[in-house]
Amino acid sequence: MGTPKKSFPLHVATIGEAQLVHAVGAPPHAPEWGRWLEEIGFIPGEPVMLMARGLPGNDPLVVRVGSSTFALRAAEAACIHVVPMPERMEGLS
């Protein structure tokens, strides 16, 4: 069994690399974001991929979760922590 991978916020992920949602949180100023993100599909274990960053300023982000694609602000994507998808699952996303 390999070493557990450390999670990181989705907004810093590399474009085009498959990830898995590890956890979803919310900032103190917007506690409703956590529930909203889960309602649209960002739940632990779900495949996710950063598809593109907007210009200028890298905001918004185009993110695919499962078979749906969304535009998220970087602040919203920062609430989603991900881990790299295990190699044995890469073809399943």
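The values are calculated or read from the model by the stated rules, or taken from the named source; none is laboratory data. As the structure is a computational prediction, the values presented were derived from the model and not from experiment. Counting neighbours? That spans all protein chains shown, and the Cβs are built from the backbone with ideal geometry, glycine included.
A few notes on this one:
Residues checked against (1) more than 17 Å from Gly16 (Cβ to Cβ); (2) hydrophobic (A, V, I, L, M, F, W, C):
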residue: Ile43; (1), (2): yes, yes
residue: Val48; (1), (2): no, yes
residue: Met51; (1), (2): no, yes
residue: Gly57; (1), (2): yes, no
residue: Val63; (1), (2): no, yes
residue: Glu87; (1), (2): no, no
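- Residue among Glu38, Glu32, Glu17 that alone is without any contact (Cβ under 8 Å) to a residue 40 or more places away in the chain, exposed (fewer than 14 other Cβ atoms within 10 Å of the Cβ) and of a type in the set (D, E, K, R): Glu32
- Qualifying residue in the range 21-30 (condition: touching a Pro at 6+ places or on another chain (Cβ under 6 Å) and modelled with pLDDT under 95): no
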